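Before any comments, here is the structure.
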Amino acid sequence: FITPRFQSLKKSDIETKSGPADLVTIADREAEEWLTPKLMDLLPGSKVVGEEAAAKDPSILSYLSEEGPVWLVDPVDGTANFVEGSARFAVMVALVHQQETVAGWIYPPMEDFIAFAERGGGAQLDGETLKGRQDTPFDQAYGDYSSKYVASAHRIYLDAAFEKAAGARQGHCSAYAYLDTAKGELDFVMQYLMSPWDHAAGVLLVEEAGGTARFLEDATPYTPVPRNPRPMLAVSDASCWSDYAGILKEKRV
């Protein structure tokens, strides 16, 4: 569904949803439609909240408030990259139970590996243990921060604060941002849009590799429920979160 259409999309295969930057392709839709029944069969009694299904029917987000297990599916995370012909996109799946992510998978089809994390069981990449980079001061830290998604009131002070870091890329793909943080290639991720399918699997991967993800304003830990946009900082070393957050917040006016 996905790889055969990479760099082969027709104009008719691409549409927009909430705005011109919110893209969806035939690959997103077909991959989610294929995954949904298979995940429910894998865990009888479970429900699925997929990005494209929720775009059509937002009421299914209420599943995340129920008692039973729920699968979160992002069939192509980094759709804009996919459309532009960049290989930096991935499939993300998370299993949520009672508003806690218990397992997560990230699969970049063009690289053909699986990153997996289980709550309390660590994080792995094709069976090899993942560990995030530790003890990195902010002025030596590299991160991922896609500022175009951030409201101007937050962007003004965050842009200024990030000048104190060693560097920050704009990768436009949550899956790779979290994956590279868990692999030790990045030290932090700043997120803003809070669609749960964008974060559940990746946050768990970072946490199980030694990091944490918390909301910048009040240090509340991330949980996979729908929220309005707000800044969230994920770091590869949980002990560095307060230091990084303090620097990022000090430029506020």
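The values are calculated or read from the model by the stated rules, or taken from the named source; none is laboratory data. All figures in this text were calculated on a predicted structure; none of them were measured in a lab. With ideal geometry, Cβ positions are generated from the backbone for all residues, glycine too; neighbour counts draw on all protein chains shown. With ligands, DNA and RNA removed, areas are computed over all heavy atoms of the protein, side chains included. Shrake-Rupley method; radii C 1.70, N 1.55, O 1.52, S 1.80 Å.
Figures for the structure shown
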item: Ordering of 59-67, 144-152 by packing [mean C-beta count within 10 Å, highest first]; result: 144-152, 59-67
item: Spacing of the two label points (7 Å from each Cα toward its C-beta) at ALA55 and ILE14, in nm; result: 1.3 nm
item: Accessible area per residue, Å², the chain with all protein chains present, probe 1.4 Å; result: 45 Å²
item: Among 41-51, 238-248, 201-211, 185-195, the order from most to least packed when residues are scored by Cβ within 10 Å on average; result: 201-211, 185-195, 238-248, 41-51
item: For q = 0.15, 0.19, 0.25 Å⁻¹, Debye-computed log10 I/I(0) when each Cα of region 47-111 counts as one equal scatterer; result: -0.51, -0.74, -1.01
item: Semi-axes of the equivalent ellipsoid for region 5-62, Cα gyration tensor, largest first, Å; result: 25, 16, 6
item: Solvent-accessible area, 1.4 Å probe, carbon plus sulfur percent, for the chain; result: 50 percent
item: Nonlocal Lys pairs with alpha-carbon distance under 26 Å, the chain (8 or more apart, or different chains); result: 21
item: Cα gyration tensor of region 106-221 - equivalent ellipsoid semi-axes, whole Å, descending; result: 24, 15, 14
item: Relative contact order of region 42-118, pairs being alpha-carbon contacts under 8 Å that are 6 or more residues apart, as %; result: 22 percent
item: Rule-of-thumb Rg ratio for the chain [Cα; 2.2 N^0.38 Å; N residues]; result: 0.96
item: Rg/Rg_ref, region 129-177, where Rg_ref = 2.2 N^0.38 Å and atoms are Cα; result: 1.27
item: Most to least packed among 70-79, 12-21, 156-165 [average Cβ atoms within 10 Å]; result: 70-79, 156-165, 12-21
item: Helix-derived mean residue ellipticity, 222 nm - over the chain, DSSP H n ≥ 4, -39500 (n - 2.57), to 500; result: -8000 deg cm²/dmol
item: Average projected area [Cα convex hull, region 77-146], square nanometres; result: 6.7 nm²
item: Rg ratio (alpha-carbon, reference 2.2 N^0.38 Å) - region 198-242; result: 1.06
